[in-house]
1. Of all residues in the stretch 232-249, which are among the acidic types (Asp, Glu) and closer than 20 Å to Arg57 by Cβ?
2. When the stretch 174-193 is examined, which residues are found to be touching a residue at least 24 places away in the same chain (Cβ under 8 Å) and more than 15 Å from Val124 (Cα to Cα)?
3. At least 2 residues that are of a type in the set (A, V, I, L, M, F, W, C) and in the same structural domain as Leu163 (by TED's automatic domain parsing) in each: list the helices (runs of 4 or more DSSP H) lying fully within the stretch 1-109 that qualify.
4. Can you find even one residue in the stretch 25-41 that is within 16 Å of the ligand (Cβ to nearest atom) and not hydroxyl-bearing (Ser, Thr, Tyr)?
5. Cβ-Cβ under 8 Å, sequence separation 6+ or interchain: first residue in the stretch 113-125 and more than 8 Å from Leu165 (Cβ to Cβ), partner more than 16 Å from the ligand (Cβ to nearest atom) and of a type in the set (D, E, K, R). Which pairs?
6. Need at least 2 residues that are at pLDDT 95 or above and near the ligand (Cβ under 9 Å from one of its atoms) per element, so show me which helices (runs of 4 or more DSSP H) inside the stretch 173-264 make the cut, counting only ones lying wholly within it.
7. Since Val79 meets every condition but one in (1) farther than 19 Å from Asn159 by Cα; (2) away from the ligand (no atom under 15 Å from the Cβ); (3) of a type outside the set (Asp, Glu); (4) buried (at least 16 other Cβ atoms within 10 Å of the Cβ), which condition does it not meet?
8. Please find, within the stretch 116-145, the residue that is farthest from Gly48 (Cα to Cα) out of those that are in a helix (DSSP H, G or I) and within 16 Å of the ligand (Cβ to nearest atom).
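The values are calculated or read from the model by the stated rules, or taken from the named source; none is laboratory data. What you see is a predicted model, and the numbers here were worked out from it, not measured in a lab. All Cβ positions, even for glycine, are placed from backbone atoms using ideal geometry, and neighbour counts span all protein chains on display.
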Amino acid sequence: MRADTSTDNLYPGLSSAYPELAAAAAGWRWHAPADSLRRRTVVVTGAGSGIGAATARTLAWFGANVVLLGRSRDKLEAVFDWIESHTSSQPVIVPCDLEQLDEAAVQALAEAIQSSYGSLHGLVHNASMLGPKTPLAQYPAEDWQRVFQTNVHAPFLLNRGLLPLLEAADQAVVLHISSTVGRQGRAYWGAYAASKFALEGLSQILADETESSGSIRVYSINPGGTRTPMRRQAYPAEDPESVPPPEQHMDLYLYLLSVHLGNSGNPLPATGSQLDARSWQPA
Ligand SMILES: NC(=O)c1ccc[n+]([C@@H]2O[C@H](COP(=O)([O-])OP(=O)(O)OC[C@H]3O[C@@H](n4cnc5c(N)ncnc54)[C@H](OP(=O)(O)O)[C@@H]3O)[C@@H](O)[C@H]2O)c1
């Protein structure tokens, strides 16, 4: 698979290093300058699979040092190995089950980031648990708790514990990856939908609390249906080709991160905005 010539010119080497990203980049609405995230450090949760793996590889290709946080070491290692062989950025793996995350683990992570990188420019809350698709009347309380622990409590702990490092950076961006059912409830989506509503709230509260500083911008992003393992779990009968691959959304992610972190002067959505990856347009 090859990108069109204009993408080859814009991003030399991308079509052989990461053909899916090069193919998607040909249709992007905005093109980040290559290297626009150089010397920036970004934590991506759930970096081993789906949208998180695409985010980690993309940010690294654009120069960021990515902290790959996730549950399955083998999946994180595959992303790490790709980054090491195709970029000059410095990734690090943080194996972590967010269901078990506590204050001590966040403190240890903050200290590790502080000593390796000094500050933090981006935090992408991407990891998420789908849980059962079941009516509320039968929804198992134990699953409800596990989904909330992973999808809400862990992002809260990470935001709180990593905030001093985000404040230590000149500019920083926090992205909360949400869902359509986190903005309009839908039958049988149970704890997943309710947890995404809570994540939207967390995003808006953090945005409001950091707005006066001007240095931290906070957003929620709804990727919309995207070709990943979670999508297959939620819609087993769907043809995967009928929904876009994760790389198609990366122009929005790059816009929010590289415009703010690069001080490019492009207009950004107001902090606290709820964005849709599929319909977003650069201002
Ligand atoms: N795909 C879609 O159509 C769609 C639509 C709307 C919103 N989203 C959102 O997009 C984000 C990415 O989803 P995806 O579709 O890319 O799903 P995915 O491929 O299933 O990836 C989810 C990631 O979260 C990680 N994760 C789950 N529970 C974890 C835990 N307890 N501790 C650490 N990591 C954990 C998974 O790790 P393992 O690989 O180890 O399981 C995996 O890396 C999610 O927030 C999801 O809600 C997706």
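1. Correct list: Glu247 only.
2. Applying the first criterion (touching a residue at least 24 places away in the same chain (Cβ under 8 Å)) to the stretch 174-193 yields 174-180, 182-183, 187-192.
Of everything in the stretch 174-193, those that are touching a residue at least 24 places away in the same chain (Cβ under 8 Å) and more than 15 Å from Val124 (Cα to Cα) turn out to be Thr180, Gly182, Arg183, Ala187, Tyr188, Trp189, Gly190, Ala191, Tyr192.
3. 50-61, 73-86
4. The first filter runs over the stretch 25-41 and keeps only residues within 16 Å of the ligand (Cβ to nearest atom), leaving none.
Within the stretch 25-41 (the criterion being within 16 Å of the ligand (Cβ to nearest atom) and not hydroxyl-bearing (Ser, Thr, Tyr)), the answer is no, since none of the residues qualifies.
5. His121/Arg40; Gly122/Arg40
6. 190-210, 229-234
7. Unmet condition: (2).
8. Of everything passing the filter in the stretch 116-145, Glu142 is farthest from Gly48 (Cα to Cα).
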